[in-house]
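What follows is one structure encoded as structure tokens, with my remarks underneath.
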């Protein structure tokens with residue numbers, strides 16, 4: 001049942017990305033381009049997503065467990081460090097270059113186009129690379 | 001350049017937020033795509049990690065369904081293949097280093113008022129805007 005809900009959440013998420021055209025890199029780049037013919041759509045996508053997500057969080061906050069009785073796993077919210085900002089910067093460079101971030105890229109594979117898959121494969125390699133480097137680093141310290 | 005599309009942006013955004021709430025309330029997890037993919041790549045054996053694969057598979061299924069209804073899924077990419085590879089590596093590495101992307105920090109984290117997420121979102125938004133400015137207006141690619 002939990003697996004079915006996870007799949008449903010993925011489908012809704014992917015459908016939302018496609019409806020809002022976030023699966024189109026040019027649409028995303030037109031939001032990030034403040035000096036051209038600015039397309040503010042992404043701000044509305046984010047605003048609506050934030051509102052619905054905040055609603056869910058408010059419900060979750062007043063519960064000690066999920067609907068299925070499992071613990072709710074929330075990452076820490078405090079402690080801004082170099083790692084966070086460096087990671088966000090590298091991500092920002094990649095996002096600005098391609099117009100793809102992880103969710104839309106995965107959703108856009110449905111278009112069946114090779115460039116999308118190339119981006120996704122490179123992204124997966126980047127994640128594996130991070131894992132390797134991080135493992136070596138934490139082993140040393 | 002693309003046209004402002006407020007209605008589809010709001011509907012799509014609301015769906016994304018609803019999906020994130022569903023995952024939080026049913027599975028107790030934050031819908032951060034980079035984190036889910038990064039951990040899925042660790043290939044945790046057994047049932048514990050299977051929800052990640054199902055959630056990730058759902059993304060192209062949902063987008064594909066919309067594509068069928070609309071008669072196609074537009075993916076207008078202006079970056080060259082080498083640029084896409086560099087960008088993909090940076091997005092993969094950066095999101096894992098910074099513990100999140102547009103969904104985890106931008107949508108879920110900011111909805112919780114997380115300071116880390118607000119700092120991360122401002123950082124990647126500003127960086128991406130600078131990169132787009134340089135690529136489109138300084139280097140002059142379309």
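Take each residue of peptide A:129-140, count the partner chain Cβ atoms within 10 Å of its Cβ, and average: the result is 2. GNM on chain A, alpha-carbon springs under 10 angstrom: the most fluctuating residue among A:64, A:41, A:30 is A:64. List the pair-distance distribution P(r) of the protein assembly as shown, using every Cα-Cα distance, as the percent of pairs falling in each 5 Å bin from 0 up to the bin containing the longest distance, rounded to whole percents. For the protein assembly as shown, the pair-distance distribution reads 1, 7, 13, 18, 21, 19, 12, 6, 2, 1, 0.
Using the C-alpha gyration tensor of region A:4-76, what are the square roots of 5 times its eigenvalues, in whole angstrom, with the largest one first?
That gives 31, 15, 9 Å for the three semi-axes.
Counting Cβ atoms of other protein chains within 10 Å of each Cβ in A:75-83 and taking the mean gives 5.
Peptides B:51-60, A:98-107, B:112-121, B:94-103, ordered by how many other C-beta atoms sit within 10 Å of their residues on average, highest first, read A:98-107, B:94-103, B:51-60, B:112-121.
Note on region A:2-140: Kirkwood hydrodynamic radius from all Cα pairs is 17.8 Å, rounded to one decimal.
Counting, for every residue in A:65-73, the Cβ atoms of other protein chains within 10 Å of its Cβ and taking the mean gives 4.
If R0 is 35 Å, what FRET efficiency do you get for residue A:61 and residue A:83 from their C-beta distance, rounded to 0.05?
Numbers: r = 27 Å, r/R0 = 0.77.
For R0 = 35 Å, the calculated efficiency reads 0.85.
Among A:70, A:33, the ranking by other beta carbons within 10 Å of each residue's beta carbon, starting with the fewest, stands as A:70, A:33.
What Kirkwood hydrodynamic radius do you get for region B:19-142 when you take the inverse of the mean 1/r over all pairs of distinct Cα atoms, in Å?
Values: mean 1/r = 0.0603 Å⁻¹.
Roughly 16.6 Å, rounded to one decimal.
Of the residues A:112, A:96, A:69, the one that moves most in a GNM of chain A with alpha-carbon contacts below 10 Å is A:69.
How high is the relative contact order of chain A? Use alpha-carbon pairs under 8 Å, at least six apart in sequence, and give a whole percent. Before the final figure, lay out each step's value.
Numbers: 65 pairs, mean separation 40.3, N = 141.
Relative contact order of chain A: 29 percent.
Evaluate the relative contact order of chain B (contact order divided by residue number), counting alpha-carbon pairs under 8 angstrom at least 6 apart; express in whole percent. Before the final figure, lay out the partial values.
On the way: 74 pairs, mean separation 36.4, N = 142.
Relative contact order comes out at 26 percent.
Computed over chain A with a Gaussian network model linking Cα atoms closer than 10 Å, the most mobile of A:120, A:82, A:45 is A:82. Only DSSP H runs of four or more residues enter the estimate; each adds -39500 (n - 2.57), and after division by the residues of chain A the mean residue ellipticity at 222 nm equals -23000 deg cm²/dmol.
Sorting B:85, A:11, A:128 from the fewest to the most surrounding beta carbons within 10 angstrom yields A:128, B:85, A:11.
Can you put B:65, B:23 in order of Cβ neighbours within 10 angstrom, beginning with the fewest? Before the final figure, lay out the partial values.
Details: B:65 16, B:23 28.
Placing the least packed residue first, the sequence is B:65, B:23.
Given their separation in residues at 0.36 nm each and the Cα-Cα distance between them, residue A:125 and residue A:4 gain 40.7 nm when the chain is fully extended.
Taken together, the values in this text are just the output of simple stated rules run on the coordinates, not laboratory data. Only a predicted model underlies this, so the values are computations on that prediction, with no experimental measurement involved. With ideal geometry, Cβ positions are generated from the backbone for all residues, glycine too; neighbour counts draw on all protein chains shown.
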